Amino acid sequence: MDKFQQIRTYLAVAEQGSFVAAADTLGLSPQLVSKYVAALEADLGSRLLNRTTRRVNMTEAGAQYFAEASELIEALERLESRITLTQQSVRGVLRVSAPVSLGSRFLGEAVQRFQQEYPEVSVDLQLNDRKVDIVEEGFDIALRIARLKDSSLVARKLSEVPISYCAAPSYLKLRGTPRVKAELKEHRLLRYSYLDGPPPSGSEAWLGSNSGDFLVDAARAGAGVVSVPRFMVRHRLELGQLAEVLCDEPREVLGLYAVYPHRALLPLKVRSFSDHLAQHFNRNPL
């Protein structure tokens with residue numbers, strides 16, 4: 001029995017949470033899907049899935065196997081893609097969702113070079129600072145800056161994204177410069193809605209928004225201390241319009257991820273775009 005087929009089948013079942021849904025995705029019968037997973041568990045001598053009448057869930061061993069096997073299969077698929085790209089045509093409409101600040105600053109050149117390499121791909125890039133439902137809204141791929149959480153979606157890390165805490169010099173002159181997070185409770189905080197977790201030190205955000213650019217502009221006007229991806233304030237810092245704070249704290253780092261609905265039978269245009277962005281942000285880190 002094909003070991004890679006067993007692994008791919010297990011990954012599909014774990015992602016879908018259902019043997020039937022995985023069977024539909026893979027174009028196999030539910031009985032064959034169950035057979036592949038059972039054979040993999042027998043080979044490993046460990047149960048990977050807990051079955052109920054409604055859903056299947058990964059065991060601890062299953063979750064560990066899922067994480068490492070996913071990387072293995074993705075590496076194999078990227079290798080296969082590179083070998084077959086010269087014989088296949090990458091074409092069609094690619095629908096992409098990305099944050100406004102990221103897209104307006106960094107994606108113009110990346111998309112242009114991608115279309116130079118794959119001229120038969122039309123790119124429909126939608127910039128929005130809300131987290132779109134990529135399945136319901138019909139996107140092929142979404143770019144997200146976040147701490148990766150467990151999800152039914154597939155995510156590939158493209159780059160690290162350092163976070164900066166900063167404020168206008170005029171604000172810091174009046175209120176003082178916080179050097180550690182505990183001191184932020186004495187300050188007005190400008191909070192980006194999509195940064196995970198509570199505000200530092202349990203403080204309530206004085207001003208919140210899903211637009212990082214709005215918050216940066218408010219900080220420049222003296223509204224408070226803003227925490228956003230550093231690429232959004234780099235120019236303001238260079239001009240002296242903002243100054244970094246929390247200098248005694250280690251810098252927080254998020255990730256830029258390419259997120260798509262599933263790994264099984266991933267369209268070549270999506271895989272090619274993901275590979276292209278990974279190379280682009282490796283050369284041009286955020």
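The values are calculated or read from the model by the stated rules, or taken from the named source; none is laboratory data. Treat the numbers as computed from the prediction; the structure is a model and nothing was measured. When we count neighbours, we look across all protein chains shown, and the Cβ atoms used for this are built from the backbone with ideal geometry, even at glycine.
At a glance:
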{"item": "Checklist (1) part of a helix (DSSP H, G or I); (2) surrounded by fewer than 17 Cβ atoms within 10 Å (Cβ to Cβ); (3) in contact with a helix residue (DSSP H, G or I) (Cβ under 7 Å, 6 or more places away or on another chain) applied to Gln64, failing item", "result": "(3)"}
{"item": "Among (1) in contact (Cβ under 8 Å) with a residue 24 or more places away in the chain; (2) within 23 Å of the chain's Cα centre (by Cα), the one test that Val180 misses", "result": "(2)"}
{"item": "Candidates Leu239, Leu256 - the one that is within 17 Å of Ser101 (Cβ to Cβ) and at pLDDT 85 or above", "result": "Leu256"}
{"item": "Pair list, Cβ < 9 Å and 6+ apart or interchain, from the stretch 112-141 residues that are without any contact (Cβ under 8 Å) to a residue 12 or more places away in the chain and closer than 12 Å to Leu94 by Cα to residues that are of a type in the set (A, V, I, L, M, F, W, C) and not in a loop (DSSP other than H, G, I, E, B)", "result": "Gln115/Val121; Gln115/Val123"}
{"item": "The stretch 2-51, residues that are in a helix (DSSP H, G or I), among the hydroxyl-bearing types (Ser, Thr, Tyr) and in contact (Cβ under 8 Å) with a residue 24 or more places away in the chain", "result": "Thr9, Tyr10, Thr25, Tyr36"}
{"item": "Residue within the stretch 88-100 that is surrounded by 12 or more Cβ atoms within 10 Å (Cβ to Cβ), hydroxyl-bearing (Ser, Thr, Tyr), modelled with pLDDT of 90 or more and touching a strand residue (DSSP E or B) at 6+ places or on another chain (Cβ under 6 Å) present", "result": "yes"}
{"item": "Total residues in the stretch 19-59, condition among the acidic types (Asp, Glu) and either over 12 Å from Gln6 (Cβ atoms) or under 29 Å from the mean Cα position of the chain (by Cα) (or both)", "result": "1"}
{"item": "Those residues of the stretch 208-239 which are closer than 18 Å to Leu254 by Cβ, surrounded by fewer than 18 Cβ atoms within 10 Å (Cβ to Cβ) and among the charged types (D, E, K, R), in sequence order", "result": "Asp213, Arg234"}
{"item": "Condition check for Tyr192: at pLDDT below 85 and under 21 Å from Phe231 (Cα atoms)", "result": "yes"}
{"item": "Test result for Arg144, surrounded by 15 or more Cβ atoms within 10 Å (Cβ to Cβ) and at negative phi", "result": "yes"}
{"item": "Qualifying residues in the stretch 100-128 (those that are out of contact with any Gly (no Cβ under 8 Å at 6 or more places or on another chain) and assigned to a strand (DSSP E or B)) - the one nearest to Phe231 (Cα to Cα)", "result": "Gln126"}
{"item": "Candidate set from the stretch 89-99 (those that are part of a strand (DSSP E or B) and hydrophobic (A, V, I, L, M, F, W, C)); member that is farthest from the chain's Cα centre (by Cα)", "result": "Val93"}
{"item": "Tyr171 being in the same structural domain as Gln241 (by TED's automatic domain parsing), outside any helix (DSSP H, G or I) and surrounded by 12 or more Cβ atoms within 10 Å (Cβ to Cβ)", "result": "no"}
